[in-house]
Amino acid sequence: MQLTKILSAGALALATAAFAITAAQAAEPLKIGLVLPMTGPFAAYGKQIEHGVKLYLEKNGDTIAGRKVQLIVKDDAPGTAGDVSKRLAQELVVKDNVDILAGFGLTPSAFAVAPVATEAKKPMIVMNAATSAVTTKSNYIVRTSMTLPQITAPVASWAAKNGIKTVFTVVADYGPGHDSEGQFKKTFTAAGGTIAGEVRVPVRNPDFAPYLQKVKDTKPDAVFLFVPAGEAGIAFMKGFQERGLAAAGIKLIATGDLTDEDVLDAIGDPSLGVINSFHYAEAHKSPENQTYVAAYAKAYPKDRPNFMSVGGYDGMHLIAEVLKKTGGDASGDKFIEAAKGMKWMSPRGPVSIDPATRDIVQTVYIRKVTKVGGKLQNVEFDQVNDFKDPGKQ
Ligand code: PHB
């Protein structure tokens, strides 16, 4: 009798241990499909976002709610061809059986993949694409980057309050450019400013010479610029300098896409003094950002952390915190419900997910490009707290 009891207790203990092992083994990996431009003209977007995602996993471990994270990166270069992004997202869902779709460097990519997320009921985490309407294209989208109206309105207000009376707007001719042009006009004219002229330039390889001449002839107090971060901004700054617009006393104001840390050194000293508004700066002063910048420098000593890296880092943070709440369940409806209203301290400052729009609410800073310890930096000097996307109001 006694022996039987001992034996059965032992058997039970063994069975329990075996079950625990089976349960751990049974926990499916968490497959995250990243759709990003990794090559071509916007390769830096994929590089920065991937850096941010990986930094989060290095810091916090790559097992979330018992599930080991598996990243599957698909290069949707050039990043502006929606059909390419859509085909890759479909492959991720059907062949790779991913739990979550994430990444999305440019708006056309996010727009094209939204119906895939809806149909497959997969959470879709937008880590950069910033046209206001992106989150309206699927109920499964959550965004951890920004929106163009959100980062444009503050610099338009700043301009109106700081003696700039006439502005010529120059924007890239696609969703984010149209958004920034519309918001700039709205905010600036409501504050008493005048739009002296406006042009829309091609998204890729714009030749700025004719536009710059037109701006120079119009003699506005300032130019407002939005072009997607990267080569276009470098080319614009070069032309602005060479054609003597700065020398003619025309100021340059912009969204922080222009003076992003990934290209700031390539632009060089002509960027000094440019006033811009944005949600993330490498020079942002907070303990969270200090830790982030140090970890980034250690892992990627050849690069500087920029807003896209933080979009990726925060996107991964959101995934991890949501899964902790759902006990590892990444199914679309549960994921999105858990994501709504989530709040955390990002390297950029405090952020939250607006439960009504699934878009990010954050502080937008006004910055001036300044040399700090010999390095060009976006130095924050004013801010608008808890700022929601005005594009949806
Ligand atoms: C976009 O395509 O949504 C986009 C790309 C680059 C930026 C901002 C927005 O810097």
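The values are calculated or read from the model by the stated rules, or taken from the named source; none is laboratory data. Fair warning: this is a prediction, and the values are worked out from it, not measured in the lab. Here the Cβ is made from the backbone with ideal geometry for all residues, glycine too, and neighbour counts use every protein chain on show. These accessible areas exclude ligands, DNA and RNA; they are computed on the full protein's heavy atoms, side chains included. Shrake-Rupley method; radii C 1.70, N 1.55, O 1.52, S 1.80 Å.
Exactly one residue among Thr107, Thr136, Thr131, Thr147 is within 16 Å of the ligand (Cβ to nearest atom), farther than 24 Å from Thr39 by Cβ, among the hydroxyl-bearing types (Ser, Thr, Tyr) and touching a Gly at 6+ places or on another chain (Cβ under 6 Å), and that residue is Thr147.
To keep it simple, each residue is scored yes or no on (1) modelled with pLDDT of 95 or more; (2) within 15 Å of the ligand (Cβ to nearest atom).
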{"residue": "Thr187", "(1), (2)": "yes, no"}
{"residue": "Arg204", "(1), (2)": "no, yes"}
{"residue": "Ala229", "(1), (2)": "yes, yes"}
{"residue": "Phe236", "(1), (2)": "yes, yes"}
{"residue": "Ala247", "(1), (2)": "no, no"}
{"residue": "Ile253", "(1), (2)": "yes, no"}
{"residue": "Thr259", "(1), (2)": "yes, yes"}
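Hey, among Ala156, Ala110, Ala160, Ala117, which residue is open to solvent by 10 Å² or more (accessible area, probe 1.4 Å) and part of a helix (DSSP H, G or I)? Before you say what the answer is, go through the steps one by one.
Values: Ala156 fails: open to solvent by 10 Å² or more (accessible area, probe 1.4 Å); Ala110 fails: open to solvent by 10 Å² or more (accessible area, probe 1.4 Å); Ala117 fails: open to solvent by 10 Å² or more (accessible area, probe 1.4 Å).
Matching residue, one of Ala156, Ala110, Ala160, Ala117: Ala160.
Among the residues of the stretch 339-364, those that are open to solvent by less than 10 Å² (accessible area, probe 1.4 Å) and outside any strand (DSSP E or B) comprise Ala339, Pro347, Arg348, Asp359.
Given the residues Val142, Val126, Val170, which is the only one that is within 16 Å of the ligand (Cβ to nearest atom) and in the same structural domain as Asp217 (by TED's automatic domain parsing)? The match here is Val170.
Scanning the stretch 305-356 for residues that are over 26 Å from Asn97 (Cβ atoms) and within 16 Å of the ligand (Cβ to nearest atom) gives Pro305, Asn306, Phe307, Met308, Ser309, Val310, Arg348.
Ala89 satisfies every condition listed in (1) open to solvent by less than 10 Å² (accessible area, probe 1.4 Å); (2) within 16 Å of the ligand (Cβ to nearest atom); (3) small (Gly, Ala, Ser) except (2).
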